[in-house]
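Since the structure comes first, as structure tokens, the remarks are kept for the end.
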Amino acid sequence: MNRPTISDLAKTADVSLSTVNRLLHGTGTVRPETVDRILDAADEIGFYGLGALRQRKRENLPHRNLGFLMQQSHRPLYQMWAEALMSASMRRTDAVIEPSVVFEDDLSPEAVSANLLRMGQTSDAIAVVTADHPLVSQAIDELRGRGIPVVAYVTDLSAASRAGFVGTDNWKRGRTAAWFISQTADGPGKVFPLVGSNRYQCQDIADASFRSYMREHASAFSISETQLTHEVPENAYAIVRRLIEEEPDLRGIFVNGGGISGVLRALRELPLDEQRMIRVVCSDIGPETRKGLSEGLITASLCHPIDKMPQELIDVMLRLIERRDAASIEQRIVPFDILTPESIWT
């Protein structure tokens, strides 16, 4: 039996011979749907050049350089997010993505702004996790002027020139945290919210909605002044140790940001019966949080879905590259995951 020819492939795929030749020899562009039809036909008839066609399909795809500016390289959560972004980039079938993840341990707006502008020299689009600040907005304005879309990731920004936002519903997250604490505490007492910074919009919104729910549905609890951790576990540890010593009716802690490892360290120093008097809700998904959940020290973690979020982000970034001049801001809200001691996979 004679092996299938290029003419046979063109006939089976219902395309012209010149279209197949363009794809095989890389001498011109072929529409993605036509490439798929030719590949299906090649597989169907056992065409000898199937491997070359698959390679040509990859070469025919748009090539994009995507930059991701993360924070705090020492935090397992950010390492997990970075790995998930790299994996999601490699899995895309509609584009060849060269991902670049940059960690910034200096959380100052000056450092973040400098990194954004530096990444703009090689990136087609950038996603950033950062606190809101005018200097960051200025950098995003400059990048917009260069035609480089910037997407706020996890926490939104006030920059008018940002091209999009991908994150969870932080109003619902705060109210859900309040529901867990009020419904599972042994009795009324004092509840303390912890935030990393007042400039993280996601934390500020969740803090406000946490208080909103408690005022409406759990007025027997006393909501104290929000404690600032600066995203540092040692600060969170010191805060919780002080609360344990000074607040005998401490019933709940909402860790609305970084520092969960410090909180858990302080709780582990308590006798078991005292540990059980304090309900903790956090927003982390790292190994320390999973350990805290399995120990029963954490009541619930309301976290960003580690698989869904990167897929949504890359989808938005690729679309924004194609429509750089769009005036509207693209917003993608992803439902947060709810992890409890009984649902966590270890």
Out of 134, 271, 149, a Gaussian network model of the chain with alpha-carbon springs under 10 Å gives the largest mean-square fluctuation to 271
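At 1.4 Å probe size, with every protein chain present, just tell me what the per residue accessible area of the chain comes to in Å². Please report the intermediate quantities before stating the final value.
Details: 15950 Å² over 346 residues.
On a per-residue basis, 46 Å².
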Simple spin-label estimate for residue 268/residue 324, 7 Å along Cα→Cβ, in nm, reads 5.0 nm
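Tell me, what % of the accessible area of the chain is carbon and sulfur with a 1.4 angstrom probe?
Carbon with sulfur: 49 percent of the solvent-accessible area.
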The pairs in 57/172; 57/308; 190/291 lying past 32 Å Cα-Cα in this model are 57/172
So, with points 7 Å from each Cα along the Cβ direction, the residue 73-residue 338 label distance in nm works out to 3.8 nm
Taking a label point 7 Å from the Cα of residue 224 along Cα-to-Cβ, the residues of segment 186-205 whose backbone nitrogen sits under 17 Å from it are 186-196
Heavy-atom accessible area of residue 216, protein chains in place, probe 1.4 angstrom, given in Å² to nearest 10, is 110 Å²
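Tell me the relative contact order for the chain as a rounded percent, counting alpha carbon contacts under 8 Å between residues six or more apart.
Details: 661 pairs, mean separation 50.5, N = 346.
With pairs under 8 Å counted, the relative contact order is 15 percent.
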One finds the C-alpha centres of segment 273-346 and segment 183-202 to be spaced, in Å, by 17 Å
Ranked by GNM mean-square fluctuation in the chain (Cα springs under 10 Å), the top entry among 46, 252, 145 is 46
Percent antiparallel among DSSP beta bridges confined to the chain, rounded to 5, stands at 5 percent
Quick calc: nm separation of the 7 Å Cα→Cβ label points for residue 245 and residue 100 -> 4.8 nm
The chain, Gaussian network, Cα under 10 Å: of 23, 157, 318, the residue fluctuating most is 23
Listed by chain and number, the residues whose amide H is under 5 Å from that of residue 280, excluding neighbours fewer than 5 places away on the same chain and using placed H, are 253, 299, 300
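Taking 0.36 nm per intervening residue step and subtracting the Cα-Cα distance, what contour gain separates residue 232 from residue 29 on full extension?
Here the answer is 68.0 nm.
The values are calculated or read from the model by the stated rules, or taken from the named source; none is laboratory data. Note that the structure is a prediction, hence the values are computed from the model and not measured. Every residue, glycine as well, gets a Cβ built from its backbone with ideal geometry; the counts of neighbours run over all protein chains shown. Accessible surface areas use protein heavy atoms only, side chains included; no ligands, DNA or RNA. Shrake-Rupley method; radii C 1.70, N 1.55, O 1.52, S 1.80 Å.
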